[in-house]
Every structure is written in C-alpha cells, then in structure tokens.
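Structure first, then comments.
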Amino acid sequence: MHDANGCWALIVHGGAKSIAPDKAEANRAGCLAAARIGAQILRGGGSAVAAAEAAVRHLEDDDTFNAGIGSVPNADGEIEMDAAIMDGTTLAVGAVAAVRRIRNPIGGAAMMLDALPVLLVGEGAERFARDHGIALCEPEPLASPPAAAGSPEHDTVGCVAIDAAGHIAAAASTGGLTGQHPGRIGDAPIPGAGLYADDQLGGVAFSGDGESILRTMLAARVMQALETMQATPAAEAAIARLARVGGEAGAIVIDRAGRIGVAHNSEHFALALHASWLPEPRAALHSSELKDVLDHD
Ligand code: ASP
C-alpha cells in the first residue's frame, strides 16, 4: 500500500483478446520484460511517467503485440497507430492518433506532455514529433493482407504506474483494429475513454472494442468508481457498463494507495505487474492468475 515510504507499483497489458496456445509464451514474456523495465525505473526513484513510457515503448518494439512494429493493417493494408500518456500529477495529456511514420508513437505522445494540444492526428502529429527531434520512419510495408471487414481483433498495449512519490501515470498504444476504416481512431488516445490518471484517485488503461469503450466512457467510469471502491471492483464496475452496448474490454488499474486491479470480459488478458512489496514480477494471461496480489494492501 502506498504510504509515502518509497512504495511503487506498475502493471502492463498486452491486449484483451483470445490468445492461441502457441502465442501464450510470447505474450507472457513480452509483458514480463516490459514490467521489469518499468520497475527498474521506479526502483531507481524514476517517475511514473518515465516508467509507463518505457514499458509501453518496449511493448511497441515487440511484434507479438498490436502496437508499434506489430501494428495490424487497416482496410487499405496500411498501419495507423494511436498512443497517449497522462501525468496524474499535472493532468497533462500527450496523445497522437492515426500516425504512420513515428516508430514509437508513445514517444511522440510523451513529447506532447509539455505542449498545449492534448491530441494531434496524422501529419500534424508527425510534424510535431519531427520538429521535436524524432526522426520519422517510412510506413512499414505490410506483408499481411488487409483483413476482411467485420473480423476485428483486439489488441493494444498499456501501462499504469505509481512511483515512490505517489505520482500516477497511465499510457496506451495501439495499431487499432485489424481491417479498420482508414482514419478511424479508437479509445486508446482519448482521456476518459481509453486511459486516465489522477494522483488524487488512481490510473487506468483499457484494451478492447474502442467504439464500445468510447460510447460508455469507461476510463471516466473507473475514475468515478475509485472515489468509493478499490481498484478491482472499480474496474469490474466499468466493464459491467459494456453490457449496454456490447463488446469486449479489459482494464488495468492502480489506485492512489498503490493497490492494483484488473477486470476483463475477454477470454484472455495479457498482463504483468510488479511492486515494491513483491519479490518478483508476475505475468498472467487471465486476471484469475493474479488473485493473490490484486487489491493487496
Ligand atoms: N482499443 C483499441 C482500439 O479500439 C484496440 C484494442 O485494444 O484492441 O483501437
């Protein structure tokens, strides 16, 4: 539990989805590695924002996950990526959407934390990144054919962290849905939908059906629930809201006391977490594997 005695915690996800048996190990290993990277920063006294960015950057660089280099093609066979990061101390948000030439979209988003715009899209976001020293890459030529419309796959990566000073950050990055309409932007870069962080309450990041998450403003629901509930019940209450519109989602949460929560209605949810009170990081493909550490005081 966060008590200003240097306690820290972090949880990452690699998507609320169904994970085929032959992909299970890669999902666990990728999340575990990202959690270790974030934890190393927090253990060394680094900030929650720095830890969340580094963890998500690692997941973007792992093509197991639909973010960064693993992004899925849209209906035109092209990659369009969304990412966001939120600083729960200042309520600053940096977000980019529909970008094609930023290799690590979370880096572009983090760069915007100090700028006035919350969200920049497409070429405007790429120009901002380039003007601030990020070298743009060529859009990756895609080997895989565009997916048939109507067969979206869920996958996104995210992180929520609380540092030793009690500051909270949330981050998300995604290639969106397979075969999505060009120009479609999901929940991931939208504060109050795909993520949110506020030191006074906690932080949350989602994966799942972006349109359903947007229409039910799920991150906002979690934040409201955290006023009276612990982390896992708050996440569960938000996921229950999906029944109204249908759809699948998963949420990772850390509350202001450093308790970690998870809820999902997808078959699997690729996860890893670490905390100052745990001897080793833990990975899981379903929240039930983490029961003994969720909402731990
Ligand atoms: N939420 C993401 C989106 O709708 C995709 C996902 O998490 O699977 O773009």
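None of the figures in this text is laboratory data; all of them are computed from the coordinates on show. Just so it is clear, the structure is predicted and the values come from calculations on it, not from any experiment. Neighbour counts run over all protein chains shown; Cβ positions are idealised from the backbone, glycine included.
Counting other Cβ atoms within 10 Å, which GluC sites (Glu not before Pro) in the range 1-97 have at most 11 and lie in a DSSP loop?
Working: sites: Glu25, Glu53, Glu60, Glu78, Glu80; in loops: Glu78, Glu80.
Here no GluC sites (Glu not before Pro) fit, given the DSSP loop and packing criteria.
Jot down the per residue volume, in cubic angstrom and as a whole number, of the convex hull over the alpha-carbon atoms of the range 84-135.
Given the Cα convex hull of the range 84-135, per-residue volume reads 61 Å³.
For the chain, place one equal point scatterer on every Cα, skip the solvent, and apply the Debye formula. What is log10 of I(q)/I(0) at q = 0.13, 0.14 Å⁻¹?
-0.76, -0.89
Hey, how much of the P(r) for the range 16-61 falls beyond 17 Å, as a percent of Cα pairs?
Counting pairs separated by more than 17 Å, the tail of P(r) holds 38 percent.
Counting other Cβ atoms within 10 Å, keep those with at most 10, restrict to DSSP loop, and tell me which GluC sites (Glu not before Pro) in the range 192-239 are left.
Glu227
Enter the angle in degrees (range 0 to 90, nearest 10) between the Cα long axis of helix 48-60 and the first principal axis of the Cα atoms of the chain, meaning the one along which they spread out most.
Computed tilt is about 40 degrees.
For the range 180-254, what number results from the quotient of the Cα radius of gyration and 2.2 N^0.38 Å?
Values: Rg = 11.7 Å, N = 75, 2.2 N^0.38 = 11.3 Å.
Normalised by 2.2 N^0.38 Å, the Cα Rg of the range 180-254 equals 1.03.
Taking the chain as the reference, fit the longest principal axis to its C-alpha atoms, fit the long axis of helix 21-43 to the helix C-alpha atoms, and give the angle between the two in degrees, 0 to 90, nearest 10.
60
Once you wrap a convex hull around the alpha carbon atoms of the range 1-107, what is its projected area averaged over all directions, in nm²?
That works out to 8.1 nm².
Calculate for the chain the 222 nm mean residue ellipticity that helices alone would give, adding -39,500 (n - 2.57) per DSSP H run of length 4 or more and normalising by residue count, nearest 500 deg cm²/dmol.
It lands at -8000 deg cm²/dmol.
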